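Only one structure is covered here, and it is reproduced in the block below.
The values are calculated or read from the model by the stated rules, or taken from the named source; none is laboratory data. These numbers come from a predicted model, not from an experiment. As a convention, Cβ positions derive from the backbone with ideal geometry for all residues, glycine included, and neighbour counts pool all protein chains shown. Accessible surface is based on the protein model in full, side chains and every heavy atom, while ligands, DNA and RNA are left aside. Shrake-Rupley method; radii C 1.70, N 1.55, O 1.52, S 1.80 Å.
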Amino acid sequence: MAIAVCPGSFDPLTNGHVDVIRRAAAIFETVIVVIAHNQNKTGTFTAPERVELAREALADIPNVEVTSTTGLLVDLCKERGATSIVKGLRSAADFDAEYSMALLNRHLGSVETVFVLGDQNLSHIASSFVKDVAAHGGSVAGLVPACVEEALKARFSPCTRA
Ligand code: PNS
(Lines give C-alpha, C1' and ligand atoms only; values in the text may rest on other atoms or scores of the structure.)
Protein backbone atom coordinates (compact mmCIF):
# COMPACT_ATOMS: atom_id res chain seq x y z
CA MET A 1 0.00 0.00 0.00
CA ALA A 2 1.59 3.31 -1.06
CA ILE A 3 1.54 5.80 1.77
CA ALA A 4 2.81 9.35 1.32
CA VAL A 5 3.24 12.17 3.77
CA CYS A 6 2.55 15.74 2.75
CA PRO A 7 4.36 17.94 5.28
CA GLY A 8 4.40 21.66 5.89
CA SER A 9 3.87 24.42 8.40
CA PHE A 10 0.32 24.94 7.09
CA ASP A 11 0.05 28.14 9.16
CA PRO A 12 -2.65 28.18 7.93
CA LEU A 13 -3.74 25.75 5.19
CA THR A 14 -4.49 27.58 1.91
CA ASN A 15 -6.41 26.66 -1.23
CA GLY A 16 -3.01 26.09 -2.86
CA HIS A 17 -2.21 23.44 -0.27
CA VAL A 18 -5.65 21.82 -0.69
CA ASP A 19 -5.08 21.60 -4.46
CA VAL A 20 -1.72 19.83 -4.01
CA ILE A 21 -3.13 17.47 -1.36
CA ARG A 22 -6.03 16.53 -3.68
CA ARG A 23 -3.55 15.77 -6.47
CA ALA A 24 -1.45 13.66 -4.07
CA ALA A 25 -4.56 11.78 -2.91
CA ALA A 26 -5.26 10.87 -6.54
CA ILE A 27 -1.81 9.27 -6.83
CA PHE A 28 -1.28 7.56 -3.45
CA GLU A 29 -3.55 5.20 -1.55
CA THR A 30 -3.12 7.15 1.68
CA VAL A 31 -1.86 10.69 2.19
CA ILE A 32 -0.89 11.79 5.69
CA VAL A 33 -0.86 15.57 5.96
CA VAL A 34 1.73 16.43 8.61
CA ILE A 35 1.84 19.73 10.43
CA ALA A 36 5.56 19.84 11.16
CA HIS A 37 7.84 22.27 12.94
CA ASN A 38 9.91 24.71 10.87
CA GLN A 39 12.74 26.15 12.98
CA ASN A 40 12.72 29.33 10.91
CA LYS A 41 9.05 30.22 11.42
CA THR A 42 7.00 31.44 14.35
CA GLY A 43 3.39 30.34 14.30
CA THR A 44 0.20 32.37 14.10
CA PHE A 45 -1.91 29.30 14.85
CA THR A 46 -0.88 26.57 17.30
CA ALA A 47 -0.18 23.09 15.92
CA PRO A 48 -3.49 21.70 17.35
CA GLU A 49 -5.37 24.62 15.74
CA ARG A 50 -3.71 23.95 12.37
CA VAL A 51 -4.55 20.26 12.65
CA GLU A 52 -8.22 21.05 13.38
CA LEU A 53 -8.47 23.50 10.47
CA ALA A 54 -6.80 21.06 8.06
CA ARG A 55 -9.07 18.19 9.22
CA GLU A 56 -12.17 20.29 8.60
CA ALA A 57 -10.98 21.59 5.23
CA LEU A 58 -9.91 18.14 3.96
CA ALA A 59 -12.78 16.12 5.44
CA ASP A 60 -14.23 15.30 2.01
CA ILE A 61 -11.10 13.43 0.81
CA PRO A 62 -11.46 9.89 2.21
CA ASN A 63 -7.83 8.77 1.87
CA VAL A 64 -6.35 11.84 3.59
CA GLU A 65 -5.59 12.06 7.30
CA VAL A 66 -4.02 14.88 9.28
CA THR A 67 -1.52 14.70 12.11
CA SER A 68 1.35 16.72 13.57
CA THR A 69 4.90 16.12 14.74
CA THR A 70 7.53 18.02 16.66
CA GLY A 71 10.18 15.54 15.53
CA LEU A 72 11.98 14.69 12.33
CA LEU A 73 9.79 14.03 9.33
CA VAL A 74 11.75 10.91 8.37
CA ASP A 75 10.99 9.40 11.80
CA LEU A 76 7.27 9.91 11.25
CA CYS A 77 7.61 8.38 7.77
CA LYS A 78 9.25 5.29 9.29
CA GLU A 79 6.61 4.99 12.05
CA ARG A 80 3.77 5.24 9.53
CA GLY A 81 5.35 3.16 6.76
CA ALA A 82 5.39 6.07 4.32
CA THR A 83 7.84 5.72 1.46
CA SER A 84 7.27 9.11 -0.18
CA ILE A 85 7.12 12.75 0.79
CA VAL A 86 4.91 14.92 -1.43
CA LYS A 87 5.72 18.60 -1.88
CA GLY A 88 3.85 21.10 -4.04
CA LEU A 89 5.72 23.44 -6.36
CA ARG A 90 4.43 26.87 -7.42
CA SER A 91 7.60 28.05 -9.13
CA ALA A 92 11.30 27.49 -9.71
CA ALA A 93 11.94 29.40 -6.48
CA ASP A 94 9.98 26.74 -4.60
CA PHE A 95 12.10 24.05 -6.24
CA ASP A 96 15.31 25.77 -5.13
CA ALA A 97 14.10 25.72 -1.53
CA GLU A 98 12.88 22.12 -1.74
CA TYR A 99 15.89 20.60 -3.51
CA SER A 100 18.20 20.43 -0.47
CA MET A 101 15.37 19.34 1.84
CA ALA A 102 14.57 16.43 -0.48
CA LEU A 103 18.20 15.30 -0.56
CA LEU A 104 18.48 15.72 3.21
CA ASN A 105 15.40 13.59 3.84
CA ARG A 106 16.74 10.93 1.48
CA HIS A 107 20.06 11.01 3.37
CA LEU A 108 18.36 10.82 6.79
CA GLY A 109 15.70 8.26 6.07
CA SER A 110 15.85 6.82 2.53
CA VAL A 111 12.57 8.56 1.73
CA GLU A 112 11.96 9.83 -1.80
CA THR A 113 10.36 13.24 -2.37
CA VAL A 114 7.76 13.50 -5.12
CA PHE A 115 7.04 16.97 -6.49
CA VAL A 116 3.55 17.89 -7.62
CA LEU A 117 2.86 21.02 -9.67
CA GLY A 118 0.06 23.06 -8.18
CA ASP A 119 -2.72 24.74 -10.17
CA GLN A 120 -1.19 27.79 -11.89
CA ASN A 121 -4.28 29.81 -10.95
CA LEU A 122 -3.36 29.38 -7.29
CA SER A 123 0.38 30.02 -7.58
CA HIS A 124 0.13 33.50 -6.01
CA ILE A 125 -1.19 32.07 -2.73
CA ALA A 126 1.13 31.71 0.27
CA SER A 127 0.25 31.38 3.96
CA SER A 128 2.41 34.43 4.75
CA PHE A 129 0.54 36.63 2.21
CA VAL A 130 -2.82 35.39 3.40
CA LYS A 131 -1.95 36.31 7.00
CA ASP A 132 -0.71 39.71 5.90
CA VAL A 133 -3.97 40.42 4.05
CA ALA A 134 -6.05 39.25 7.01
CA ALA A 135 -3.93 41.22 9.51
CA HIS A 136 -4.60 44.38 7.53
CA GLY A 137 -8.33 43.78 7.44
CA GLY A 138 -8.54 42.51 3.83
CA SER A 139 -10.65 39.67 2.47
CA VAL A 140 -9.05 36.25 2.07
CA ALA A 141 -12.09 34.75 0.33
CA GLY A 142 -10.98 32.44 -2.48
CA LEU A 143 -7.50 32.11 -1.02
CA VAL A 144 -8.25 29.73 1.85
CA PRO A 145 -10.97 27.21 2.83
CA ALA A 146 -14.04 28.71 4.54
CA CYS A 147 -13.07 27.42 8.01
CA VAL A 148 -9.63 29.03 7.69
CA GLU A 149 -11.23 32.29 6.54
CA GLU A 150 -13.32 32.32 9.72
CA ALA A 151 -10.32 31.48 11.90
CA LEU A 152 -8.28 34.30 10.34
CA LYS A 153 -11.13 36.76 10.86
CA ALA A 154 -11.31 35.79 14.53
CA ARG A 155 -7.52 35.92 14.98
CA PHE A 156 -7.14 39.33 13.35
CA SER A 157 -10.41 40.96 14.35
CA PRO A 158 -10.03 44.60 15.52
CA CYS A 159 -10.48 43.39 19.12
CA THR A 160 -7.50 41.01 18.90
CA ARG A 161 -5.29 43.21 16.66
CA ALA A 162 -2.62 45.14 18.55
O1 PNS B 1 5.73 24.77 4.94
P2 PNS B 1 7.21 24.78 5.27
O3 PNS B 1 7.50 25.67 6.44
O4 PNS B 1 8.06 25.11 4.07
O5 PNS B 1 7.57 23.26 5.68
C6 PNS B 1 8.87 22.91 6.09
C7 PNS B 1 8.79 21.64 6.95
C8 PNS B 1 7.91 21.91 8.17
C9 PNS B 1 8.21 20.52 6.11
C10 PNS B 1 10.25 21.26 7.39
O11 PNS B 1 10.80 22.31 8.14
C12 PNS B 1 10.30 19.94 8.16
O13 PNS B 1 10.29 18.89 7.57
N14 PNS B 1 10.34 20.04 9.52
C15 PNS B 1 10.35 18.86 10.39
C16 PNS B 1 11.75 18.63 10.97
C17 PNS B 1 12.64 17.93 9.96
O18 PNS B 1 12.42 16.79 9.59
N19 PNS B 1 13.71 18.64 9.51
C20 PNS B 1 14.64 18.11 8.54
C21 PNS B 1 14.20 18.31 7.09
S22 PNS B 1 14.22 20.03 6.65
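Sparse packing (at most 11 other Cβ atoms within 10 Å of the Cβ) combined with a DSSP loop state is found for the following trypsin sites (Lys or Arg not before Pro) in segment 104-162: 161. Scanning residues 5 or more positions from residue 117 or on other chains, those with amide H under 5 Å from its amide H are 89, with H placed 1.01 Å from N in the peptide plane. Working note: Karplus 6.51/-1.76/1.60 with θ = phi - 60° gives segment 99-115 the couplings 3, 5, 4, 5, 5, 5, 5, 5, 4, 6, x, 6, 9, 8, 9, 10, 9 Hz, where Gly and Pro are set to x.
Looking at the chain, the accessible area is 55 square angstrom per residue; that uses a 1.4 Å probe and ignores ligands, DNA and RNA. Computed over the chain with a Gaussian network model linking Cα atoms closer than 10 Å, the most mobile of 88, 142, 118 is 142. Springs between Cα atoms under 10 Å define the GNM used for the chain, and in it the highest mean-square fluctuation of 46, 14, 30 occurs at 46. Amide hydrogen proximity for residue 144: with H placed 1.01 Å from N in the peptide plane, the residues at 5 or more positions away or on another chain lying under 5 Å are 15.
The distance linking segment 5-42 with segment 135-159 is 20 Å (Cα centroid to Cα centroid, whole angstrom). Distance between the modelled labels on residue 146 and residue 41, one decimal in nanometres: 2.6 nm (7 Å Cα→Cβ projection). As a fraction of the 1.4 Å probe accessible area of segment 51-139, surface on carbon and sulfur atoms comes out at 53 percent. Report the calculated FRET efficiency for residue 110 and residue 55 (r = Cβ-Cβ distance, R0 = 22 Å), to the nearest 0.05. Result of the calculation: an efficiency of 0.15.
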